[in-house]
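The values are calculated or read from the model by the stated rules, or taken from the named source; none is laboratory data. Being a predicted model, the structure only gives us computed values, none of them experimental. Cβ placement follows ideal geometry from the backbone for every residue including glycine, while neighbour counts extend to all protein chains displayed.
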Amino acid sequence: MRLAVCALVVVLLGVSGASSPSVSARTIAVVSANQSFNWAGYVQGALEKNTTFHSISAAWIVPTATPHRSGEAEYSSSWIGIGGGCVDAACSITDDTLIQAGIGHDIDAAGKADYYAWWETIPAPLVRTTLPVRPGDRVAVKISEDRLAEIWTIEIANRS
């Protein structure tokens, strides 16, 4: 279930002087939010009219996975992606293409952590790589398109 919410971000500028103070406001950005029960993050795309994205990259430190409930398996990932999401602000049309890559940090029911690099092109299943990763490692991930060849490249690097 998705809940679409639109909000306006407004900057108020106060002007002080000998006369009575006045306030002016202008819209600087329109922000949209969607609710999901299985992921959290920043989505950009629906409100950038006539804008197409051809690459995304990020670097981060692999977090330490710790169990929250004894005896229960838990799954989490840190990742980036391009595509997917909503095509329009009301989220009445969705983009069914999604390329994503990142680091999984799961806990099994016995409390043992499992760290792995992965990539995925929806609707195909997630693919684990053989790149070793541990908590505290600095990783860099890049997804980019060769626009002439219409080929996507996924790079995952452990910089530690």
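Data table
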read-out	value
Every residue from region 89-123 that is modelled with pLDDT of 90 or more, farther than 20 Å from residue 160 by Cβ and loosely packed, with under 14 Cβ neighbours inside 10 Å	108, 109, 110, 112
Region 139-160, residues that are exposed (fewer than 11 other Cβ atoms within 10 Å of the Cβ) and part of a loop (DSSP other than H, G, I, E, B)	147, 148, 149, 150, 159
Any hit, region 7-28, residues being at pLDDT below 60, surrounded by 13 or more Cβ atoms within 10 Å (Cβ to Cβ) and over 18 Å from residue 122 (Cα atoms)	no
Those residues of region 86-99 which are touching a residue at least 24 places away in the same chain (Cβ under 8 Å) and either at negative phi or in contact with a helix residue (DSSP H, G or I) (Cβ under 6 Å, 6 or more places away or on another chain) (or both), in sequence order	86, 87, 88, 89, 90, 95, 96, 97, 98, 99
Per-region count, region 104-138, residues of a type in the set (S, T, N, Q) and either assigned to a strand (DSSP E or B) or farther than 19 Å from residue 153 by Cα (or both)	1
Answer residue from region 58-78, given it is closer than 17 Å to residue 102 by Cα and part of a loop (DSSP other than H, G, I, E, B) and is nearest to the chain's Cα centre (by Cα) among those	76
Cross-chain or 6+ apart pairs with Cβ under 8 Å, region 71-85 first and within 16 Å of residue 112 (Cα to Cα), then surrounded by fewer than 16 Cβ atoms within 10 Å (Cβ to Cβ) and aliphatic (A, V, I, L, M)	71/109; 72/109; 73/109
